[in-house]
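Read-outs: derived from the displayed coordinates by stated rules, not from any lab. Treat the numbers as computed from the prediction; the structure is a model and nothing was measured. Cβ: placed from backbone, ideal geometry, glycine included. Neighbour counts: every protein chain shown.
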Amino acid sequence: MRRQIFSMINRSSSIFLNQSAKLKLRNVKLQGQVGLAASISSMRMMSSSNSDNTILTTDKSNYEATAGTMNDVKLKIIEKMGLQFGYNPLQHNREHLLQYMPTSVEELPSRSMQDSFTSAIIPLASDIKLRDKYVGFLGEIRIGRLLEDMDLFAVWVVHQHVLLPNLSPGIPLPYTFVTILVDKIDFTEIDAKPDADIRLSGHVSYVGKSSIEVVVWLEQKRVGKWRKLTRALFLMAARDPTNTRAAIVNPLVPANEEEQKIFDGGEVRKKRRSTFQKTDLHKTEPNPFETKLIHDMFIKTIDMGSKAFNKRILPSNCVWMEDVDMSNIIFSQPEDRNNHNKIFGGFLMRNALELSWALAHSFSKRRPKLLHISDIYFIKPVEVSSLISMSAHVLYTELNYMEIVVIAEVFDPVSGSQSTTNQFYYTYSIADTLPQVLPKTYHEAIWYIDGRRKFRNVMDTNAI
């Protein structure tokens, strides 16, 4: 089932390149693991030559960017929402906009995917001051900065989709748009450079009653041609002006066969998310294979000669899960807010990513390569001035791959309580084989199984 879903997301009709190929896994040391390595080598990941049927085919030679720069996009969103510039601890009152909200979908015209298509530039080639924000200490691009832009750009795409025909000119758009989930972000083998322009493009790919799926992709100009860097799926929610209840949005009606295929893929992804929710480890026990796996790991870490369960031993080439974690505390400031005086989701995504990279680097003693970001959950909004506690954990390793989770929590220094606001999952690789991560407790064992599931899903394997 996972293979069928993944293949639907990665078939023909690409805006980037017309040839399809499978990305060969590099630097895998077999060392007696022929069967497993053969299975891993069949994993399909998005490469610069893959096609992708979540993306509309567009003649990219006819445009550079339809919305200007990302700074232009930010200013346009503020203008459309009727928001004020500058920080005010008291959020701007938008209750008067409730009268302009549609009460039924019949009031709204249908929209096609092309209606929401838009693009914007990050002008790194010409803006040296801006470039300093995006360059890392080794001269590479900071992926976290790009995630911030992608999150904001996804909101802009939703703005292109929503159309209220009876809204008078000058009346702000009576909606609040929030990010619910980032379904998957895949990276190509092309490493982004900090001295060349990057273009964001995107369109709405599926719409529910108040939910909107947006596909966003990044390209960078190399030798006069736009080359694909990454592609992401954002699930957004439309809320009323006061952000207290769901709001109806324009239905999406495919305009042609290509749009219908993309829309059908959205239906499949919706069902897949529902299936994953039903098998979530918070709701159901591990399956029989996973239960046996937990028991086998337990037996592997006890002294069978002593017949005592309380004596744990660490096998060779293994590491305890409790020993591969990292955490920090972030004090959020007004500059980190979104248009609704909450902490910007992209800010959280950037900080979580950079913490995960630091852990991957520390654990592997190598410079890790980010392959996938998956299942970013936005559970609760974060208030400005919050103390944000982030903790990163290596949940699972296989060959030269590792699965890392970052948990974001709001920390109350007075009571000492913590409330989970976000979860982020990352898949990294290095050039060498990694030690196996082993859980000590049942709590860690469930985390191990969760990490294993995430890894198997993003790498598209048929393994149990």
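Need the full-extension length gain, Gln277 to Val253, defined as separation in residues times 0.36 nm minus the C-alpha distance. One decimal, nm.
Numbers: separation 24, 0.36 × 24 = 8.64 nm, distance 2.72 nm.
Result for the pair: 5.9 nm of gain on full extension.
Simple spin-label model, 7 Å along Cα-to-Cβ: Ser316 to Tyr100 in nm?
7.1 nm
Distance in nm between label sites at Ser306 and Leu130, each 7 Å beyond Cα in the beta-carbon direction?
Label-label distance for Ser306 and Leu130, simple model: 6.2 nm.
Find the eigenvalues of the gyration tensor of the Cα atoms of region 60-277, then list the square roots of 5 times those eigenvalues as equivalent ellipsoid semi-axes, largest first, in whole angstrom.
30, 22, 16
Mind checking the full-extension length gain between Ala358 and Asn71? Use 0.36 nm per residue of separation minus the Cα-Cα distance, one decimal, nm.
Working: separation 287, 0.36 × 287 = 103.32 nm, distance 2.90 nm.
Length difference between fully extended and current span is 100.4 nm.
Over region 281-458, what is the relative contact order in percent, taking alpha-carbon pairs closer than 8 angstrom and at least six residues apart?
Rounded, it is 25 percent for region 281-458.
For Glu267 and Asp191, calculate 0.36 nm times their separation in residues minus their Cα-Cα distance, and state this gained length in nm to one decimal.
Full extension of this stretch gives 24.2 nm more.
Using square roots of five times the C-alpha gyration tensor eigenvalues, list the equivalent-ellipsoid semi-axes of region 281-458 in whole Å, biggest first.
Each semi-axis is the square root of five times an eigenvalue, giving 32, 18, 15 Å.
What distance in nm separates the two pseudo spin-label positions at Glu140 and Val223, each 7 Å out from Cα along the beta-carbon direction?
Going from the Glu140 label point to the Val223 one covers 2.3 nm.
Structure shown: which of Lys209/Lys261; Lys133/Lys225; Lys74/Lys365; Lys228/Lys369; Lys271/Lys440 lie over 28 Å apart, alpha-carbon to alpha-carbon?
Table pairs above 28 Å Cα-Cα are Lys74/Lys365; Lys271/Lys440.
Please rank Ile143, Ile379, fewest neighbouring Cβ atoms within 10 Å first, as an exposure proxy.
Ile379, Ile143
Taking region 108-184, which chymotrypsin sites (Phe, Trp or Tyr not before Pro) meet the DSSP loop condition and have no more than 10 other C-beta atoms within 10 Å?
Filter output for region 108-184: Phe137.
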